[in-house]
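What follows is a short report on a single structure.
The values are calculated or read from the model by the stated rules, or taken from the named source; none is laboratory data. This is a predicted model, so every value here is computed, not measured. Cβ: placed from backbone, ideal geometry, glycine included. Neighbour counts: every protein chain shown. With ligands, DNA and RNA removed, areas are computed over all heavy atoms of the protein, side chains included. Shrake-Rupley method; radii C 1.70, N 1.55, O 1.52, S 1.80 Å.
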Amino acid sequence: MAILLDGKNVAQSIKDGLRRDVLSLKKEGRGAPVLACVAVGKDPASAVYIRSQDAAARDLGIEYRLISFGEDITQEGLVSEIRGLNTDKGIHAVMIQSPLPKHLDIGKLVGFILPAKDAEGIHPENLGRLFLGQGKIAPPTAAACMELLRHSGVKLFGKEAVVVGHSNIVGKPLSLMLLKEFATTTVCHIATSEAGKLRDHVARAEILIVAVGQAQLVKGSWIKEGAVVLDVGINRAGGRIVGDVEFDEAQKRAAYITPVPGGVGPLTVTMLMRNTVELFKG
Ligand code: NAD
């Protein structure tokens with residue numbers, strides 16, 4: 001039976017370090033890091049994330065400012081608000097809560113955040129640094145996955161790593177981070193499934209990370225014996241939250257596995273806070 005990779009546990013020691021960092025920055029007279037979250041409309045899932053960001057910041061001594069707009073704000077209006085945050089010396093990190101209403105283009109908006117204030121590490125300049133293996137800011141969910149892998153103690157050097165999902169915030173940055181550690185990395189996506197090849201890729205993964213958003217897409221019986229399995233997916237099914245991996249079967253084969261909820265999620269918000277502290281330090 002697999003060992004559970006508990007995100008809350010792993011987050012705890014990182015949070016202890018961050019709390020100490022923030023305290024000593026305050027003692028040096030530098031004040032508290034301030035994270036501004038730009039949110040539009042009233043998405044219920046976003047409201048949950050916003051509450052958990054607020055609580056995490058509060059816990060660490062970081063100041064969290066929620067800047068909310070109605071759904072009628074235009075792209076130009078939001079760009080101007082972001083420019084205002086860029087020049088505000090009292091704000092050290094900026095993020096845009098997604099999803100945004102359809103008339104707003106998050107990909108373009110992120111490009112207006114000053115790279116030095118980009119809390120989620122998704123500005124093209126920061127992603128470019130990540131590509132070159134130089135970035136100190138990484139997208140929080142990808143960073144959370146790397147922390148969980150580190151915690152498992154499994155060496156990545158030369159391992160077959162398979163990432164399912166190629167989004168700009170999870171799959172793609174994660175594949176770069178795995179490459180940096182010399183894992184032999186394959187990225188699968190919708191076309192892999194449509195070509196009927198997903199199962200074969202999953203079956204040879206020594207490190208498997210699934211970030212798709214489809215309940216139990218990856219069957220437990222596909223998992224290689226002894227694999228490390230990180231399930232990033234968050235799906236509502238049958239009145240509960242489940243991941244993208246068929247957990248009950250997968251845990252019989254994997255050596256390590258993340259639960260959903262309680263795996264990647266709790267660490268993601270901690271990584272966002274870590275980015276905020278890093279940006280504050282400059
Ligand atoms: P996204 O929606 O931007 O992209 C989905 C990816 O899955 C794409 O690469 C797509 O090609 C691929 N895909 C879709 N159907 C597929 C299939 N049948 N087979 C193989 N690949 C398929 O994804 P995202 O924003 O990275 O989010 C993915 C999941 O991770 C969602 O459930 C999201 O809620 C969750 N998520 C969790 C956290 C966390 O902190 N735990 C953070 C971010 C996202």
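So the values come out like this:
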quantity	calculated
Qualifying position, being more than 17 Å from the chain's Cα centre (by Cα), within 24 Å of ALA144 (Cβ to Cβ) and aliphatic (A, V, I, L, M), among ILE113, ILE96, ILE67, ILE82	ILE113
Meets criteria (more than 19 Å from VAL164 (Cβ to Cβ), open to solvent by 50 Å² or more (accessible area, probe 1.4 Å) and not basic (Lys, Arg)) for GLY282	yes
Per-region count, segment 1-39, residues part of a strand (DSSP E or B) and within 20 Å of the chain's Cα centre (by Cα)	7
Scope segment 173-197; condition small (Gly, Ala, Ser), more than 10 Å from the ligand (Cβ to nearest atom) and in a helix (DSSP H, G or I); matching residues	SER175
LEU208 crowded, with 22+ Cβ neighbours inside 10 Å, more than 10 Å from the ligand (Cβ to nearest atom) and not in a loop (DSSP other than H, G, I, E, B)	yes
Failed item, numbered, when LEU267 is tested on (1) within 12 Å of the ligand (Cβ to nearest atom); (2) surrounded by fewer than 18 Cβ atoms within 10 Å (Cβ to Cβ)	(2)
Residue ID - modelled with the lowest pLDDT, chosen from residues in segment 32-66 that are surrounded by fewer than 17 Cβ atoms within 10 Å (Cβ to Cβ), closer than 21 Å to PRO101 by Cα and of a type in the set (A, V, I, L, M, F, W, C)	ALA45
Residue among ASP200, ASP248 that alone is assigned to a helix (DSSP H, G or I), open to solvent by 50 Å² or more (accessible area, probe 1.4 Å) and within 14 Å of the ligand (Cβ to nearest atom)	ASP200
Near pairs, Cβ below 6 angstrom, 6+ apart or cross-chain, from segment 86-113 (of a type in the set (Gly, Ala, Ser)) to any residue that is surrounded by 15 or more Cβ atoms within 10 Å (Cβ to Cβ) and assigned to a helix (DSSP H, G or I)	ALA93/LYS117; ALA93/THR276; ALA93/LEU279; SER98/ILE106
Test: residue in segment 152-172 that is under 25 Å from ILE122 (Cβ atoms), of a type outside the set (A, V, I, L, M, F, W, C), in a helix (DSSP H, G or I) and within 12 Å of the ligand (Cβ to nearest atom)	yes
